[in-house]
Structure formats: structure tokens, C-alpha cells
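> Have a look at the structure that comes next, please.
The values are calculated or read from the model by the stated rules, or taken from the named source; none is laboratory data. All figures in this text were calculated on a predicted structure; none of them were measured in a lab. Every residue, glycine as well, gets a Cβ built from its backbone with ideal geometry; the counts of neighbours run over all protein chains shown. In case anyone asks, the SASA skips ligands and DNA or RNA and just uses the protein heavy atoms, side chains included. Shrake-Rupley method; radii C 1.70, N 1.55, O 1.52, S 1.80 Å.
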Amino acid sequence: MDDFPQGFKERYAELLGDEAEAFFATFKQPVQKGFRINPLKANQTLYDTQTTQAVAWGNWGRFGRLKGHSVDHTTGLIYSQEPSAQLVGEIAHPQPDEKVLDLAAAPGGKTTHLASFMNQKGLLVSNEIFKKRAQILSENVERFGAKNVLVTNHAPAELVPKFAGYFDRIVLDAPCSGEGMFRKDPDAMQYWDVDYPSRCAKLQREILVEALKMLKSGGELIYSTCTFAPEEDEQIIAWLLDSYPELELMPIDKPKGVDDGRPEWADGNPELVKTARLFPHHLDGEGHFIAHLRLKEADAVAKKAPEVVKTNLTDSQKEIWQTFADETLQRPLMGTLITFGDQLYLVPTDTPSLKGLRVLRAGLNLGTFKKNRFEPNLALALAEQPEMFKHVYPLDDQQWAQYVHGETFFVDSDIQQVKGWYLLTINGNGTGFGKLVDGQMKNFYPKGLRFMPK
Ligand code: SAM
């Protein structure tokens with residue numbers, strides 16, 4: 001590939017000097033494919049995915065290609081993410097119990113990585129401005145089995161009234177000119193012209209102004225792009241440091257092959273070397289820019305704690321849920337039960353009230369109230385560990401193929417045939433629910449997800 005948009009080659013020839021040819025040459029080389037293993041799953045051994053080697057940073061990254069209709073993908077054991085993007089989550093590295101915002105989150109690469117660190121504790125607000133993309137994000141969060149995630153669909157400014165000064169950590173993986181995507185998706189080049197990075201930078205500054213309103217004193221901001229353009233990288237951080245003296249840049253511990261940011265590509269502020277640049281000619285990855293900032297501790301201003309979400313179940317819903325839980329689960333689930341229409345969710349206890357928010361997923365979707373009974377949601381099967389369920393039925397490969405295709409199947413006659421809801425597993429991880437009636441496992445795999453495995 002050599003048909004760069006007009007002006008692109010000249011620009012990087014000038015910026016990169018002697019390195020430019022090596023940089024351009026990478027665009028002719030194959031895309032670096034990778035994925036992360038999901039530590040929230042009971043069994044983390046790959047079942048039907050090939051991998052060659054580990055990504056040099058973090059514990060979960062591997063090189064290799066994810067197959068969409070595989071066991072590993074449908075059980076949420078792996079999430080596709082190219083290796084350089086995996087450094088963003090590693091640097092963000094939230095602690096369990098923190099309140100974290102992923103402000104531009106779809107399709108969910110950074111969100112699922114953040115959730116991996118949080119280990120089902122604290123609260124992760126995962127926001128996406130575009131509804132369709134927010135829906136994909138929500139599906140990806142479901143498959144990953146994260147229980148502490150609120151998926152919202154808002155423009156950044158709309159979140160501020162609810163979350164002013166609220167978050168310990170904010171990740172902004174900003175919309176950008178996407179130069180690091182050119183190899184993976186050559187179509188992305190059609191949007192590029194020499195002024196595109198400046199237009200993106202304007203949007204990035206606007207989003208950052210809103211993001212900072214939601215950061216706590218002492219909180220951290222992780223800013224990243226998948227572009228090489230200095231306007232959207234060092235120059236954005238130079239502008240932040242200039243406009244917000246209360247922000248400081250944190251050093252990034254740079255693995256081999258990761259470069260320092262280039263002060264000379266912005267205003268010369270020597271602090272900018274603390275930012276990280278990932279170039280495809282220096283490491284096996286598509287390219288990224290990352291900055292880690294911190295809002296210096298200010299004198300504490302007494303703040304009103306936000307109103308927390310309260311349960312809204314009717315007595316009869318409580319009873320129906322309890323009957324289901326007693327029959328199906330080994331232990332009570334911790335959190336606050338709330339309904340949206342006939343859907344029942346479990347949200348972390350301190351979640352702020354959801355009034356005024358467009359929420360696509362409020363924590364864990366437990367299931368649906370039907371007339372006098374409760375039907376569990378796939379999300380519950382993907383999020384809770386198999387040992388939480390009273391009845392577990394491990395599928396063999398053939399039964400799994402029948403299950404994901406939507407078929408009913410007969411279970412082995414030697415298993416104890418207790419009627420009711422079964423968590424179906426494969427490779428030790430939940431894959432969905434079935435209901436055992438007269439020796440037959442009725443299929444509850446959602447119709448929209450069914451497929452014929454190859
Ligand atoms: N963090 C995601 C991941 O790792 O999977 C990728 C995010 S992508 C680089 C940037 C996101 O910003 C896109 O999902 C895009 O829809 C969203 N976006 C576009 N315009 C925006 C705006 N004006 N404000 C906030 N987000 C915007």
C-alpha cells in the first residue's frame with residue numbers, strides 16, 4: 001500500500017526525517033492482530049483460538065486472530081484488540097472500588113480492559129455518543145461478563161450535571177484522524193486531508209473541557225488517540241498543561257519499543273517527553289499516543305454526595321425474583337435491584353440515581369419478568385461464575401453447536417434430572433441458559449445471536 005492521501009507522506013517525511021522510510025514501509029506489512037484474555041471468566045484456558053506469543057505489556061494480551069463464532073469469543077473469554085491499543089488500559093490501570101469513566105467507549109476495547117482490572121468492584125461508566133455504537137458496546141460488555149458497568153449514550157457535556165467532580169479516573173480514547181488505522185482499514189484514509197488533524201483537535205479540546213469537569217481533585221485522566229498527528233497528540237497535552245495549571249503529567253513506564261512524546265512537535269514543553277508514542281516501525285502494533293495526567297489535590301470542598309439509585313420492585317416482583325433465585329442460585333447476589341419495564345437489573349450499591357440518563361445497560365441484566373415467573377438473561381450466564389448456580393450442565397462440542405444454533409437437545413440420562421434452569425457451560429465457562437423439561441434441554445439462547453458453527 002502506497003496510495004496515501006495527498007499531503008500525508010510529505011508531512012511525515014518532514015516530521016520523521018531519517019525514520020520516515022521505515023515508517024512508510026510498515027504500511028505494506030500485515031496488520032498486527034491481537035486479543036486479550038478475560039480474567040473475569042472462571043476458566044482462562046483458550047479452547048479454540050490460536051496464538052503465537054504474548055504482548056509485551058500486561059498479563060492478558062496475545063498476538064493472534066479472534067474467530068467470531070468460536071467458543072472463546074461467544075463465552076467472552078477473549079476480546080479482540082490490537083497490541084498497541086492494549087497499552088492504554090495498562091497505563092489507566094484502575095483499582096477495584098474506583099469510580100471510572102470511559103468517555104468515548106464504543107466498541108469497548110478500553111472498557112473491557114478497565115473492567116478486567118476492576119474485577120467486578122467499583123463503578124465503570126462506559127459512555128458512547130452514538131446510539132448504534134453504544135448498542136454494540138453494550139453487547140460487548142455483556143459478553144465480557146462485567147457486572148459493574150453502566151453503559152450510557154450521551155454527548156460528554158450531558159454527563160456533567162450528574163457527574164461533576166465524581167470520577168477517580170477518566171479515560172478519553174478520543175475520536176481522532178485515525179492514522180494508526182490506515183493499515184487495518186484503508187477506507188479510513190478517505191476522510192483525511194491536511195486540515196483533518198486540526199479539525200479533530202478542536203473536537204478533542206471540547207471533549208476534554210467537559211471531561212475535566214467530571215474529574216475529582218487528585219483524580220487521573222488518561223488521554224489517547226490512534227493517530228500520529230502532533231495536533232491531536234503532544235499539542236493537545238501542551239494546550240491542557242497551559243490551560244489547566246492544576247493538571248500535571250505523570251511519567252509513563254515505557255516498555256521497549258515505546259517512544260517518548262516529542263516536545264518539539266508542540267510548544268517545546270520538556271514535560272511532554274512523559275507522554276508515550278507507539279510507532280509501527282518501532283514495535284509490533286498499529287500505533288497510538290497516550291498521556292497520563294493528574295489533577296493536583298485541591299483544598300477539599302464539601303460536596304453533596306449524589307443521590308444513589310433505589311430499588312423500585314413491586315412486592316410481587318420481589319417474590320417472583322426470590323423464588324427464581326432460591327431455585328437457581330447458590331447465594332444471594334449483592335447490589336441494588338432495579339427494573340426498566342419488565343427487565344430486572346442488579347447495579348452496584350452506590351450507583352448514583354439514573355434519573356435523566358440514557359442508560360443502555362445498568363450493571364447486570366438478570367432477566368425478564370414474565371407473567372408470574374422469571375426468565376434469566378444471557379448476561380447472568382456470562383457474568384456469574386458457574387459455582388454460583390445450583391444446576392450446571394457442561395456441554396460437549398456437539399451440544400454446544402446445537403445450543404448456539406437454537407436447537408433443543410436431549411441430555412444424558414445418567415445426570416440427575418432436576419427440572420428447571422440450568423447454566424450451560426463449555427470449557428468451564430457459562431454460555432447461556434437452558435430449561436430442563438422431561439429430559440430435554442429447552443433452548444434459551446437469544447434468537448438474535450444464534451448461528452451455525454463451522
Ligand atoms: N475506546 C474505544 C475502544 O477502545 O473500543 C474506541 C473509541 S474511538 C477511538 C472514539 C469514539 O468517540 C467513537 O466511538 C466515536 O463514536 C466517539 N465520538 C465521536 N464523536 C464524539 C464526540 N463529539 N464526543 C464524544 N465521543 C465522540
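> Can LEU150 be described as within 19 Å of VAL347 (Cα to Cα) and of a type in the set (A, V, I, L, M)?
Here the answer is yes, as LEU150 does meet what is asked.
> Output yes when any residue across region 212-219 is open to solvent by 60 Å² or more (accessible area, probe 1.4 Å), basic (Lys, Arg) and part of a loop (DSSP other than H, G, I, E, B), and no when none is.
no
> Let me ask another. I'd like the full set of residues that are open to solvent by less than 20 Å² (accessible area, probe 1.4 Å) and either in contact with an Asp or Glu (Cβ under 8 Å, 6 or more places away or on another chain) or free of Cβ contacts under 8 Å to residues at least 24 places away in the same chain (or both), limited to region 131-144.
Scanning region 131-144 gives ALA134, LEU137.
> For region 214-230, which residues satisfy the criterion of being within 16 Å of the ligand (Cβ to nearest atom) and over 24 Å from VAL160 (Cβ atoms)?
CYS226, THR227, PHE228, ALA229
> Could you please let me know if VAL151 is in contact with an Asp or Glu (Cβ under 8 Å, 6 or more places away or on another chain), of a type in the set (Val, Ile, Thr), touching a residue at least 40 places away in the same chain (Cβ under 8 Å) and within 15 Å of the ligand (Cβ to nearest atom)? Walk me through it before giving the result.
On the way: in contact with an Asp or Glu (Cβ under 8 Å, 6 or more places away or on another chain): yes; of a type in the set (Val, Ile, Thr): yes; touching a residue at least 40 places away in the same chain (Cβ under 8 Å): yes; within 15 Å of the ligand (Cβ to nearest atom): yes.
Yes: the conditions hold for VAL151.
> Assuming ALA146 fulfils every condition listed in (1) among the hydrophobic types (A, V, I, L, M, F, W, C); (2) within 12 Å of the ligand (Cβ to nearest atom); (3) in a loop (DSSP other than H, G, I, E, B) apart from one, which condition is it?
Here ALA146 clears every test but (2).
Residues checked against (1) without any contact (Cβ under 8 Å) to a residue 12 or more places away in the chain; (2) among the charged types (D, E, K, R); (3) within 20 Å of HIS93 (Cβ to Cβ):
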position	(1), (2), (3)
SER224	no, no, yes
ALA229	no, no, no
GLU232	no, yes, no
ILE237	no, no, yes
LEU240	no, no, no
SER243	yes, no, no
LEU249	no, no, yes
LYS256	no, yes, yes
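> When both residues are 6+ apart or on different chains and their Cβ atoms are under 8 Å apart, which pairs have a first residue that lies in region 192-212 and is modelled with pLDDT of 95 or more, and a second that is of a type in the set (S, T, N, Q) and surrounded by fewer than 21 Cβ atoms within 10 Å (Cβ to Cβ)?
Filtered contacts from region 192-212: ALA201/GLN235.
> Where residues in region 297-312 are at pLDDT below 95 and open to solvent by 90 Å² or more (accessible area, probe 1.4 Å), which of them is farthest from SER217 (Cα to Cα)?
Per the stated criteria, the residue is GLU307.
> Can you spot a residue in region 109-132 that is over 28 Å from GLY430 (Cβ atoms), within 16 Å of the ligand (Cβ to nearest atom) and of a type in the set (D, E, K, R)? Don't jump to the end; show me each part of the working.
Keep residues of region 109-132 that are over 28 Å from GLY430 (Cβ atoms), which gives 129-131.
From the residues that got through so far, the ones that are within 16 Å of the ligand (Cβ to nearest atom) too are 129-131.
Now restrict to residues that are of a type in the set (D, E, K, R): 131.
Among the residues of region 109-132, at least one is over 28 Å from GLY430 (Cβ atoms), within 16 Å of the ligand (Cβ to nearest atom) and of a type in the set (D, E, K, R), which makes the answer yes.
> Need the failing condition index for THR368 against (1) hydroxyl-bearing (Ser, Thr, Tyr); (2) open to solvent by 30 Å² or more (accessible area, probe 1.4 Å); (3) modelled with pLDDT of 95 or more, just the number.
Unmet condition: (2).
> If you don't mind, there's one more thing I want to ask. Looking only at region 159-202, filter to residues that are within 14 Å of the ligand (Cβ to nearest atom), more than 24 Å from GLN86 (Cα to Cα) and not aromatic (Phe, Trp, Tyr); which one of those is least open to solvent (accessible area, probe 1.4 Å)?
LEU159
> Determine if region 322-332 includes at least one residue that is open to solvent by 10 Å² or more (accessible area, probe 1.4 Å), within 21 Å of TYR445 (Cα to Cα), free of Cβ contacts under 8 Å to residues at least 12 places away in the same chain and assigned to a helix (DSSP H, G or I).
For region 322-332, residues open to solvent by 10 Å² or more (accessible area, probe 1.4 Å), within 21 Å of TYR445 (Cα to Cα), free of Cβ contacts under 8 Å to residues at least 12 places away in the same chain and assigned to a helix (DSSP H, G or I): present.
> Only one of (1) within 30 Å of LYS355 (Cα to Cα); (2) open to solvent by less than 10 Å² (accessible area, probe 1.4 Å) fails for VAL88. Which number is that?
(1)
> Right, here's the next one. From ALA54, ALA25, ALA115, ALA106, grab the single residue that is without any contact (Cβ under 8 Å) to a residue 12 or more places away in the chain, small (Gly, Ala, Ser) and either within 30 Å of ALA401 (Cα to Cα) or open to solvent by 10 Å² or more (accessible area, probe 1.4 Å) (or both). Explain how you work it out, then say what you get.
On the way: ALA25 fails: without any contact (Cβ under 8 Å) to a residue 12 or more places away in the chain; ALA115 fails: without any contact (Cβ under 8 Å) to a residue 12 or more places away in the chain; ALA106 fails: without any contact (Cβ under 8 Å) to a residue 12 or more places away in the chain.
Matching residue, one of ALA54, ALA25, ALA115, ALA106: ALA54.
> Here's something else I'd like to know. Can you find a residue in region 394-410 that is part of a strand (DSSP E or B) and in contact with a helix residue (DSSP H, G or I) (Cβ under 6 Å, 6 or more places away or on another chain)?
yes
> May I pose another question? Among all residue pairs at least 6 apart or on different chains, which show Cβ distances below 8 Å where the first residue, located in region 285-296, is modelled with pLDDT of 95 or more and the second is open to solvent by 20 Å² or more (accessible area, probe 1.4 Å) and among the acidic types (Asp, Glu)?
Sorted first by the residue in region 285-296, then by its partner, the pairs are HIS292/GLU220; LEU293/GLU220; LEU293/GLU248; ARG294/GLU220; ARG294/GLU248; LEU295/GLU220; LEU295/GLU246.
> Any chance region 261-272 includes a residue that's aliphatic (A, V, I, L, M), touching a residue at least 12 places away in the same chain (Cβ under 8 Å), buried (at least 19 other Cβ atoms within 10 Å of the Cβ) and touching a Ser or Thr at 6+ places or on another chain (Cβ under 7 Å)?
no
> Which residues, counting only those in region 94-103, are open to solvent by less than 10 Å² (accessible area, probe 1.4 Å) and more than 8 Å from the ligand (Cβ to nearest atom)?
Scanning region 94-103 gives PRO94, VAL100, LEU101.
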